[in-house]
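This report concerns only the one structure given below.
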Amino acid sequence: MNFRPYIMRSCLVFGALSLVACASAPRELVEARTAYQEAAESDAATYAPAELKTAEQTLQLAESSFDDDGDSYQTRALAYTAERRVQSARVAADTYKLKQEKAALEKEYFAYSEQARDTAMKKLASTQNKLAESQRYAESTAAELKKQQDALDAQEKELADKAAKLEAARKAGELSEAQLREQNEAIKAQQMQLAKKTEELDAEKKARAEAEKRLADAMNRLSEIAKIDTSAKETIITLGGEVVFKTGQSDLRPSAREKLNQVADVLLENKGKSIQVVGHTDSQGKAAFNQKLSEDRANSVRTYLVERGVAADRITAIGKGQDSPVASNDDATGRTENRRVEIIIQNDNNS
């Protein structure tokens with residue numbers, strides 16, 4: 001939808017003064033127009049048309065409010081809501097696309113040979129993790145939008161009630177003109193405070209969206225070199241032991257540092273969450289040696305991640321030796337899987 005006709009209509013009706021008003025639309029309305037135009041040209045128009053239509057209708061209300069009342073609190077609130085709904089539409093579109101990709105990969109999995117199925121299953125697991133993250137973010141965004149909108153609506157209603165009571169008091173002669181002016185000034189001050197709060201919430205929301213995008217990008221890069229399992233409780237990043245360490249040693253390989261840099265990128269975006277590094281070995285050799293080796297390897301990884309900027313009080317290291325295998329130790333393939341380092345991020349911490 002192009003909102004230029006709305007702008008031109010206002011300008012034609014109100015003449016030169018309206019041209020000034022059109023040129024000085026509030027920031028919230030300008031950003032809402034831009035956000036809608038970008039969404040309308042994106043996949044949201046195809047995959048989330050209903051959500052995008054709701055955002056369009058809200059933006060139309062904001063445009064009408066601007067035509068009638070100019071840069072008012074009502075215009076800003078409606079524009080803010082419109083932009084949030086545009087964001088929700090884009091999240092809904094991304095989620096729908098991921099679901100389609102998941103369904104396609106499932107179909108691909110069952111159509112392929114046993115060897116090809118293994119590759120398809122890995123792709124499917126990665127997509128499922130991304131879908132889970134997208135859905136959690138979508139639910140969080142929707143809940144936050146409703147909470148913010150409810151609060152703004154309640155505050156706006158309270159101010160409207162106050163204004164109505166003042167008008168009734170004026171008509172009844174209960175208040176002097178000076179008292180009415182004083183009360184009206186108080187209401188305007190409260191409206192300005194609400195507008196400021198809306199701007200602060202908008203800035204906070206944008207910062208969070210940017211952080212979410214950085215985290216998603218970091219997770220996508222990391223998924224190319226590590227196994228990632230995500231649940232509501234925790235995210236487990238698994239690196240093969242042979243990738244990080246030489247056999248029987250706990251000093252990091254030079255090539256491992258680049259991989260751990262990508263792990264650090266993810267951890268730095270998961271601000272405030274507790275992290276545990278867990279070392280594991282296979283069952284070759286003595287149990288006591290394997291226990292000590294797993295502890296030393298976990299501490300080597302922890303030390304490097306702290307050097308990369310992860311807060312030391314957020315991250316702990318333990319070794320489990322050969323006691324927590326994920327595969328059989330009877331063959332080389334299973335032993336390779338058991339030699340690993342896990343970085344566990346607690347998702348249920350308060351950030």
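The values are calculated or read from the model by the stated rules, or taken from the named source; none is laboratory data. Because the structure is predicted, anything quoted here is derived from the model rather than measured. Cβ: placed from backbone, ideal geometry, glycine included. Neighbour counts: every protein chain shown.
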Selection count, the stretch 233-248, where residues are out of contact with any helix residue (DSSP H, G or I) (no Cβ under 8 Å at 6 or more places or on another chain) and in contact (Cβ under 8 Å) with a residue 24 or more places away in the chain: 5
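Name the residue, out of Ala203, Ala216, Ala209, that is out of contact with any helix residue (DSSP H, G or I) (no Cβ under 8 Å at 6 or more places or on another chain), among the hydrophobic types (A, V, I, L, M, F, W, C) and farther than 30 Å from Ala287 by Cα. If you could, list the steps in order and put the result at the bottom.
Numbers: Ala216 fails: out of contact with any helix residue (DSSP H, G or I) (no Cβ under 8 Å at 6 or more places or on another chain); Ala209 fails: out of contact with any helix residue (DSSP H, G or I) (no Cβ under 8 Å at 6 or more places or on another chain).
That would be Ala203, the only listed residue that is out of contact with any helix residue (DSSP H, G or I) (no Cβ under 8 Å at 6 or more places or on another chain), among the hydrophobic types (A, V, I, L, M, F, W, C) and farther than 30 Å from Ala287 by Cα.
For the stretch 273-310, how many residues are of a type in the set (A, V, I, L, M, F, W, C), within 20 Å of Leu215 (Cα to Cα) and assigned to a strand (DSSP E or B)? Walk me through it before giving the result.
Taking the stretch 273-310 as the starting set, the residues that turn out to be of a type in the set (A, V, I, L, M, F, W, C) are 275, 277-278, 287-289, 293, 298, 301, 305-306, 310.
From what's left, within 20 Å of Leu215 (Cα to Cα): 275, 277, 305-306, 310.
Okay, now just the ones that are also assigned to a strand (DSSP E or B), so 275, 277.
Selection size over the stretch 273-310: 2.
Conditions (1) in contact with a Ser or Thr (Cβ under 9 Å, 6 or more places away or on another chain); (2) farther than 24 Å from Leu159 by Cα; (3) assigned by TED's automatic domain parsing to the domain that holds Leu152, marked per residue:
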| position | (1), (2), (3) |
| --- | --- |
| Arg181 | no, no, yes |
| Lys188 | no, no, yes |
| Glu199 | no, no, yes |
| Ala207 | no, yes, yes |
| Glu210 | no, yes, yes |
| Asp229 | yes, yes, no |
| Ala232 | no, yes, no |
Candidate set from the stretch 205-249 (those that are acidic (Asp, Glu) and assigned to a helix (DSSP H, G or I)); member that is modelled with the highest pLDDT: Glu242
Candidates Ala55, Ala25, Ala32, Ala50 - the one that is among the hydrophobic types (A, V, I, L, M, F, W, C), at pLDDT 50 or above and outside any helix (DSSP H, G or I): Ala25
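Using the structure shown, decide if Ala82 is surrounded by 22 or more Cβ atoms within 10 Å (Cβ to Cβ), touching a residue at least 40 places away in the same chain (Cβ under 8 Å) and under 25 Å from Lys147 (Cα atoms). Even if it seems obvious, please write down each step before you answer.
Values: surrounded by 22 or more Cβ atoms within 10 Å (Cβ to Cβ): yes; touching a residue at least 40 places away in the same chain (Cβ under 8 Å): yes; under 25 Å from Lys147 (Cα atoms): yes.
So Ala82 fits the description; yes.
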Flag for Asp323 being in the same structural domain as Ile237 (by TED's automatic domain parsing) and more than 19 Å from Leu252 (Cβ to Cβ): yes
Residue match in the stretch 119-128 (condition: at negative phi, over 33 Å from the mean Cα position of the chain (by Cα) and either modelled with pLDDT under 70 or part of a helix (DSSP H, G or I) (or both)): no
